[in-house]
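Visitor: Sharing a structure here in structure tokens format.
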Amino acid sequence: MSAKSVSVLPSPKSHTLQQPNISIPPLLGASLEELTAWVQQQGQPAYRGKQLHDWIYQKGVRTLCDISVFPKQWRADVAEIPIGRSNIHYRSVASDDTVKYLLQLADGQIIESVGIPTEKRLTVCVSSQVGCPMACDFCATGKGGYKRNLARHEIVDQVLTVQEDFQQRVSHVVFMGMGEPLLNTDHLIGAIKSLNQDVGIGQRNLTVSTVGIRDRIRQLAQHQFQVTLAVSLHAPNQALREQLIPSARPYPIEDLLAECREYVEITGRRVTFEYILLAGVNDLPEHALELAQRLRGFQSHVNLIPYNPIQEADYKRPNQNRIQAFVKVLKQQQIAVSVRYSRGLEADAACGQLRAKNQTKLS
Ligand code: SAH
């Protein structure tokens, strides 16, 4: 598909309505109540809030001018108020039907999203930041630097965009794209609420993946969502973890796991631990044993992710024998474990790489 034009939406900050003290961000991500309050502030009847909500979330309207059920004069008055949709800048389809997107935001920044269809599901992998400051040694996004947090509407937009492109309802959302969601908790929480209540995705079908930021797992737990928490552990001890994840230095693995235990206690949900397998680095049977000992008695599940090679790092993916040997040790120790392969690899490889490849096109 050819690249679409650059968004012409004006910057959100420039929008101050005629009435005093009302400055609004893009409308996408707002609840029915918020939209109703807004139309009423505009002198419109309350039922227009429900209409606006339907047009934004069900019909996927991109500008207020296009809402044909609204009075012409009012449409003209509010024409400049942004809904907050992105444009598809680039799209690539892998042979397994996974679709990777580069989306262009109102300020020209580019983010990655992925649509992953399976028989019964359509999962969207969303970004939470432009770039990422965590600098994990095996991650293409981490190597590319950090720009800014995404706003609530920019997170919700990714799901609507994939839904429209596939012409199929999105059933699951995973926060495993670019960025560290727990560095953007306010907008993450706003987006979770909107994806659940406005887009209609069950909380249990939302997964937040994090490297772990002190106190933020507890903060998320206190919202009592039924979302799945996935923690990128990647190592069974602090020394090895720090080597792979430099940002883990001030947050010892014991403290991280203690906060994860609190998450289980507060929400009643088990935690998923993600563990990338890097040949010769963290994939030895003794690593598996140490991991099992750490997680003993913990209501958890381990997802092993064989490394997707990226240009900027020298790691290798372990062979099948090594992967299976690691699984065997965990199973012997009664740890629930699955192996997850990334999909859509041959098209544009691991997360962050699609954007890295296209960077030159953006300058
Ligand atoms: N910052 C969050 C979410 C983004 S990364 C986090 O770290 O969890 C989503 C997952 O993809 C993480 O588990 C991350 O470690 C993994 N990942 C990153 N680069 C990878 C690569 N090259 N191969 C396999 N998994 C990778």
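Visitor: Among the listed residues Leu183, Leu229, Leu150, Leu195, identify the single one that is more than 16 Å from the ligand (Cβ to nearest atom), under 14 Å from the mean Cα position of the chain (by Cα) and free of Cβ contacts under 8 Å to residues at least 60 places away in the same chain. Before the answer, list the steps.
Guide: Numbers: Leu183 fails: more than 16 Å from the ligand (Cβ to nearest atom); Leu229 fails: more than 16 Å from the ligand (Cβ to nearest atom); Leu150 fails: more than 16 Å from the ligand (Cβ to nearest atom).
Residue meeting the stated conditions: Leu195.
Visitor: Just to be sure before I move on: is Asp107 closer than 19 Å to Glu154 by Cβ and not hydroxyl-bearing (Ser, Thr, Tyr) in the structure I sent?
Guide: Working: closer than 19 Å to Glu154 by Cβ: yes; not hydroxyl-bearing (Ser, Thr, Tyr): yes.
Considered against the rule, which asks whether it is closer than 19 Å to Glu154 by Cβ and not hydroxyl-bearing (Ser, Thr, Tyr), Asp107 comes out as yes.
Visitor: Of everything in the stretch 249-270, what is assigned to a helix (DSSP H, G or I) and either among the charged types (D, E, K, R) or within 15 Å of the ligand (Cβ to nearest atom) (or both)? Give them in sequence order. It would help to see each step written out before you state the result.
Guide: Residues of the stretch 249-270 that are assigned to a helix (DSSP H, G or I), as a first pass: 253-267.
Matches in the stretch 249-270: Ile253, Glu254, Asp255, Leu256, Glu259, Cys260, Arg261, Glu262, Tyr263, Glu265.
Visitor: Inspect all residues belonging to the stretch 271-288 and state whether any of them is touching a helix residue (DSSP H, G or I) at 6+ places or on another chain (Cβ under 7 Å), in a helix (DSSP H, G or I) and either within 13 Å of the ligand (Cβ to nearest atom) or closer than 26 Å to Gln197 by Cα (or both).
Guide: No, there is no match, as no residue in the stretch 271-288 is touching a helix residue (DSSP H, G or I) at 6+ places or on another chain (Cβ under 7 Å), in a helix (DSSP H, G or I) and either within 13 Å of the ligand (Cβ to nearest atom) or closer than 26 Å to Gln197 by Cα (or both).
Visitor: What's the number of the only condition in (1) buried (at least 17 other Cβ atoms within 10 Å of the Cβ); (2) at pLDDT below 95; (3) more than 24 Å from Arg121 (Cα to Cα) that Glu312 fails to meet?
Guide: Just one mismatch for Glu312, condition (1).
Visitor: Being among the aromatic types (Phe, Trp, Tyr) and surrounded by 15 or more Cβ atoms within 10 Å (Cβ to Cβ), is that true of even one residue in the stretch 334-342?
Guide: Within the stretch 334-342 (the criterion being among the aromatic types (Phe, Trp, Tyr) and surrounded by 15 or more Cβ atoms within 10 Å (Cβ to Cβ)), the answer is no, since none of the residues qualifies.
Visitor: Quick one: which residue in Val93, Val114, Val69, Val99 is without any contact (Cβ under 8 Å) to a residue 40 or more places away in the chain and at negative phi?
Guide: Details: Val93 fails: without any contact (Cβ under 8 Å) to a residue 40 or more places away in the chain; Val114 fails: without any contact (Cβ under 8 Å) to a residue 40 or more places away in the chain; Val99 fails: without any contact (Cβ under 8 Å) to a residue 40 or more places away in the chain.
So the residue among Val93, Val114, Val69, Val99 that is without any contact (Cβ under 8 Å) to a residue 40 or more places away in the chain and at negative phi is Val69.
Visitor: Given the conditions (1) more than 13 Å from the chain's Cα centre (by Cα); (2) within 16 Å of the ligand (Cβ to nearest atom); (3) modelled with pLDDT of 95 or more, which single one is not true for Gly144?
Guide: Status for Gly144: all satisfied but (3).
Visitor: Now for a different question. Out of all the residues in the stretch 239-248, is one or more β-branched (Val, Ile, Thr), within 15 Å of the ligand (Cβ to nearest atom) and crowded, with 21+ Cβ neighbours inside 10 Å? So that I can check it myself, show each step before the final result.
Guide: First, the residues of the stretch 239-248 that are β-branched (Val, Ile, Thr): 245.
Remaining after also requiring within 15 Å of the ligand (Cβ to nearest atom): 245.
The next check asks that each one be crowded, with 21+ Cβ neighbours inside 10 Å; those that pass are 245.
Yes, the stretch 239-248 contains at least one residue that is β-branched (Val, Ile, Thr), within 15 Å of the ligand (Cβ to nearest atom) and crowded, with 21+ Cβ neighbours inside 10 Å.
Visitor: If you scan the stretch 69-104, which residues turn out to be β-branched (Val, Ile, Thr) and within 13 Å of Gln158 (Cα to Cα)?
Guide: Ile88, Val99
Visitor: Let me ask another. Checking Gly297 against (1) free of Cβ contacts under 8 Å to residues at least 40 places away in the same chain; (2) within 16 Å of the ligand (Cβ to nearest atom); (3) part of a loop (DSSP other than H, G, I, E, B), which single condition isn't satisfied?
Guide: Tallying (1) free of Cβ contacts under 8 Å to residues at least 40 places away in the same chain; (2) within 16 Å of the ligand (Cβ to nearest atom); (3) part of a loop (DSSP other than H, G, I, E, B), Gly297 fails exactly one: (2).
The values are calculated or read from the model by the stated rules, or taken from the named source; none is laboratory data. All figures in this text were calculated on a predicted structure; none of them were measured in a lab. Quick reminder, even Gly has a Cβ in these numbers, built from the backbone with ideal geometry, and neighbours come from all protein chains shown.
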